[in-house]
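Let me begin by presenting the structure, written as structure tokens, before commenting on it.
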Amino acid sequence: PRDAERTAGGSSSGSAAAVAAGFVDAALGTQTIASVARPAAFCGIAGLAPTFGRVDRAGVDLYAPSVDVVGAFAKDVPTLDRVARAILDDYRTPDPYGRFLPRKLLLPTNFVDAACAPEAKRWFGWAVTYLLARMGDPVAVVREAPSCLDDVADVTRRHLAVIHAEFAAGHERRFADRSDLYRPETARLIREAPPLPDETAA
């Protein structure tokens, strides 16, 4: 929000920008692809996108029901911790002394190689080194190339096909009644979204 020439991250960035500007201490957001993670990073605040199904989505106007999650933004990690305890029934505050760190790290090497820019790969390597130093021994590091990530571009294509088809289906009735209220690019997405075939959903 401090530079009108830059994006705040898109999607749930209204919530992120409000937190970053100091209007509120915390705010909710939804994530379909990276709609919490990206605005949090762009605005320099703390963000949480829980595992699918952890937060009740009742009352939320969903973009893609099969992947949408409700998350949160906060001005700092302690505030985000308090928000997490409010929205997650079984939330446990992370142990600052590392007593509950995982004993196994799975590094999907084919995803890192395919989807990360050189700078991102360097930071990823730094994060792995940091975790291993904190975890100590014994710890299992599994470097695998999951077959589902052999072709990241194909995974991305299928993911986008799912969310666009679900979005179009969810807006079908409203769009038929009030298409004039939709932005041109949104209207085009709805008109051009193909039905969701079984093989794509799988």
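Please turn the phi angles of segment 75-91 into ³J(HN,Hα) values with the Karplus equation 6.51 cos²θ - 1.76 cosθ + 1.60 (θ = phi - 60°), one per residue in order, whole Hz, x for glycine and proline.
Values, residue by residue: 5, 7, 5, x, 5, 4, 4, 5, 5, 4, 5, 7, 9, 10, 4, 10, 6 Hz.
Between Leu107 and residues 5 or more places away or on another chain, which pairs have amide H atoms under 5 Å apart, with H built 1.01 Å from N, and which residues are they?
The answer is Val142, Arg143, Glu144.
I'd like the accessible area for Glu144: 1.4 Å probe, protein heavy atoms, all chains in place, Å² to the nearest 10.
Looks like 90 Å² after rounding.
Of all chymotrypsin sites (Phe, Trp or Tyr not before Pro) in segment 1-53, which ones are in loop regions per DSSP and have a Cβ with at most 15 other Cβ atoms within 10 Å?
Within segment 1-53, the qualifying chymotrypsin sites (Phe, Trp or Tyr not before Pro) (loop, at most 15 other Cβ atoms within 10 Å) are Phe23, Phe52.
What figure in square angstrom, to the nearest 10, would you give for the accessible area of Val128 with a 1.4 Å probe?
20
Given that just one value was derived from the coordinates, which of (1) 1.07; (2) 0.95; (3) 0.99 is Rg/Rh (Cα atoms, Kirkwood Rh)?
Calculated Rg/Rh (Cα atoms, Kirkwood Rh): the matching label is (3).
Could you pull the accessible area for Ser179 with a 1.4 Å probe, rounded to 10 Å²?
50
In what sequence, largest accessible area first, do Thr32, Thr129 appear using a 1.4 Å probe?
Thr129, Thr32
What is the angle, in °, between the Cα long axis of helix 118-135 and the longest principal axis of the Cα atoms in the chain? Nearest 10 is fine, range 0 to 90.
Tilt relative to the chain: about 50 degrees.
The values are calculated or read from the model by the stated rules, or taken from the named source; none is laboratory data. On a predicted model such as this, the values are computed, not experimentally measured, just so you know. Heads up, the Cβs are rebuilt from the backbone with ideal geometry, glycines too, and the neighbour counts pull from every protein chain shown. Remember, those area values only see protein heavy atoms, side chains included, never the ligands or the DNA or RNA. Shrake-Rupley method; radii C 1.70, N 1.55, O 1.52, S 1.80 Å.
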